[in-house]
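**Student:** Structure incoming, see below.
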Amino acid sequence: MQYDILIVGAGTSGMACAITAAERGLKVGVVEKVDYVGGALHWSGGHMSAGGVRLQKEKGIEDSPEQHLEEIYKINNKSGDLDLIEKAVFEAPKTIEWLDELGMEWAPECPRIIYGHVAYETPRTIYGPEKALSIYKVMLPVWEKYVANGQIEIHFNSSFVGLGKTNNRFDTVICDTPDGEKQHLGKNIVITTGGYGSNPAYFQEKHGDIPLVSSCYPTATADGHQIIENQGGQFRFGTYHLPSLGGIEQEEGSGRVDFNKAWAMVLTSVYRQPRDIYVNAHGKRFINEDEIDAETRELTTMKQPDWSFWIVFDEKALVTKDANGNYNPLIIGWSIEQIKEEATKNQALKTAHTIEDLALKTGLPVDNLKATVTDYNQMVILKKDQEFGRTYLEDAITEAPFYALKVHASVLVTFGGIKVNKGLQILDVEGQPMEGLYAAGEFLGLGATSGSSFCSGMAITPALGFGRILGRTLN
């Protein structure tokens, strides 16, 4: 059977593309290397953004795609693929409207301004109460309906290993399955295999010898990238890379962190004022800990050894309530009891009854760490940080036990990806379309749709939008 559209990868873009094509009556084939659909929708924070949508209008927020685009250019200095960014921004309201029609539930605080990235000036970031799972749950019944009536045929446990073509047009996807090699035919092939943050060797090949501590979805292993490049496709934006701060390596040396399970609130000081100090591998402060701007914090951390640092605090800081009378522990979603229990494991979180012993446990230079803590405590007394300009100086580090938490600049999404044109056709190294091949999602790289900075909502929204565009335009 030759499918009208053959999709490789049943994640965010792949599901949206398949559903949209099936609504038109097309015959859709999907190959997926695991035995379930949804991909990173099971993993992601689910942040989307769009200008001029219903949720904004209902709260009296004036916005438009033009304003959204202007703010993106302000944040990323007009970097990335400007054609694709514009395409994504003007498609975004249609994507949100589609989710509304599917019955999407939105978190009541949305739309809002998010400070975990460089912030928009207008509240336009939206998400569901169950993060990206909220998107998955409204798409799944529609997906299942078209699978049941035969419009969509899904081939699970099918690892993408190659492509074939007739004359000059690609029309065959080759997969390894438990039953051997299988080939599937498609008039149009859409690659939506995701990113590469869970393939350390490929990541190093593209970004050089920089630290990789990954919170990317485990199936983001560059399968599609390698095949397309072997066929002459063009990889771009390898010079772009911006990590996110806060990853906690619960298993030391694993190179893996999990945003959903163990993450420190060090993205910005907007949500939690620092009752602690950050020290690098030399045991010295290197940043104003109450810096608001996320990108400033990220770029500063990238200048430190191994792109990591230790957060040093004491017992009083751990149990102090915030201005609203609530506990606001350093690790997102963790109780004080959980943090204390983790400290007994002596892995990413260490504890000791003296600063000297804390230094020994962390491997930090003892004299440096003692001097750093002493200097900071004097700043608290004087209410002045002459070195970095920190203004929140309320909590001296004096009450044992003392704690040190190691956090990493971690990869949530990969910026590099395969080059496409404005029609989402995959391009070869000479810039020519590879006939029959299209792409969407993180396979294009965040750099394509967000530029060299994190722009809130410019990963999932374009992934859904571009999948839907291909689903409604390919024949």
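The values are calculated or read from the model by the stated rules, or taken from the named source; none is laboratory data. For clarity, every value in this text was computed on a predicted model and none was experimentally measured. Note: ideal-geometry Cβ built from the backbone for every residue, glycine included; neighbour counts use all protein chains shown. Accessible surface areas use protein heavy atoms only, side chains included; no ligands, DNA or RNA. Shrake-Rupley method; radii C 1.70, N 1.55, O 1.52, S 1.80 Å.
**Student:** Any residue in region 29-48 that is charged (D, E, K, R) and crowded, with 24+ Cβ neighbours inside 10 Å?
**Tutor:** Going residue by residue through region 29-48, those that are charged (D, E, K, R) are 32-33, 35.
When the remaining residues are screened for being crowded, with 24+ Cβ neighbours inside 10 Å, the result is 32.
Yes, that holds for at least one residue.
**Student:** For region 285-370, which fully contained helices (runs of 4 or more DSSP H) count at least 1 residues that are more than 17 Å from I397 (Cα to Cα)? Spell out the reasoning first.
**Tutor:** Working: elements: 294-301, 315-319, 336-343, 355-362.
Filter on region 285-370 gives 294-301, 336-343, 355-362.
**Student:** Moving on. Quick check: is even one residue across region 423-443 of a type in the set (S, T, N, Q), closer than 28 Å to E121 by Cβ and at pLDDT 95 or above?
**Tutor:** Within region 423-443 (the criterion being of a type in the set (S, T, N, Q), closer than 28 Å to E121 by Cβ and at pLDDT 95 or above), the answer is no, since none of the residues qualifies.
Conditions tested, residue by residue: (1) under 24 Å from T221 (Cβ atoms); (2) modelled with pLDDT of 95 or more.
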residue	(1), (2)
L6	yes, yes
A16	yes, yes
E23	no, yes
L26	no, yes
E32	yes, yes
V37	yes, yes
G45	yes, no
M48	no, yes
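**Student:** Taking G60 as the residue in question, decide whether it is more than 17 Å from S13 (Cβ to Cβ) and either of a type in the set (V, I, T) or open to solvent by 10 Å² or more (accessible area, probe 1.4 Å) (or both).
**Tutor:** Yes: the conditions hold for G60.
**Student:** Here's something else I'd like to know. Of the residues that sit in region 82-112 and are aliphatic (A, V, I, L, M) and in contact with a Ser or Thr (Cβ under 7 Å, 6 or more places away or on another chain), which one is surrounded by the fewest Cβ atoms within 10 Å (Cβ to Cβ)?
**Tutor:** Result: M104.
**Student:** For region 388-438, name all the residues that are open to solvent by less than 40 Å² (accessible area, probe 1.4 Å), within 21 Å of E298 (Cβ to Cβ) and of a type in the set (F, W, Y).
**Tutor:** F415
**Student:** Looking for something over 30 Å from the mean Cα position of the chain (by Cα), open to solvent by less than 70 Å² (accessible area, probe 1.4 Å) and of a type outside the set (G, A, S) - is there at least one such residue anywhere in region 342-349? Full working, then the answer.
**Tutor:** Narrowing region 342-349 to residues over 30 Å from the mean Cα position of the chain (by Cα): 344.
Those still in the list that are open to solvent by less than 70 Å² (accessible area, probe 1.4 Å) too: none.
No, region 342-349 has no match at all.
**Student:** Also, I was wondering about something else. Residues to consider are F454, F466; find the one that is assigned to a helix (DSSP H, G or I) and among the aromatic types (F, W, Y).
**Tutor:** Being assigned to a helix (DSSP H, G or I) and among the aromatic types (F, W, Y) holds for just one of F454, F466, which is F466.
**Student:** Limited to region 114-140, what total is found for residues that are more than 17 Å from the chain's Cα centre (by Cα) and among the hydrophobic types (A, V, I, L, M, F, W, C)?
**Tutor:** Total satisfying the criteria: 3.
**Student:** Pairs only if they're at least six apart or on different chains, beta carbon under 8 angstrom, first in region 32-55 and among the aromatic types (F, W, Y), second open to solvent by less than 60 Å² (accessible area, probe 1.4 Å); list them, first residue then second.
**Tutor:** These pairs meet every condition: W43/A132; W43/Y217.
**Student:** Residues to consider are A317, A262, A281, A294; find the one that is open to solvent by 10 Å² or more (accessible area, probe 1.4 Å) and of a type in the set (A, V, I, L, M, F, W, C).
**Tutor:** Only one candidate qualifies: A281.
**Student:** Mind telling me which of the residues Y115, Y136, Y73 ends up being of a type in the set (F, W, Y), in contact (Cβ under 8 Å) with a residue 24 or more places away in the chain and closer than 23 Å to L267 by Cα? Don't jump to the end; show me each part of the working.
**Tutor:** Values: Y136 fails: closer than 23 Å to L267 by Cα; Y73 fails: in contact (Cβ under 8 Å) with a residue 24 or more places away in the chain.
Only one candidate passes the filter, namely Y115.
**Student:** Sort through I174, I191 and tell me the only one that's within 31 Å of the chain's Cα centre (by Cα), hydrophobic (A, V, I, L, M, F, W, C) and closer than 19 Å to G467 by Cα.
**Tutor:** I191
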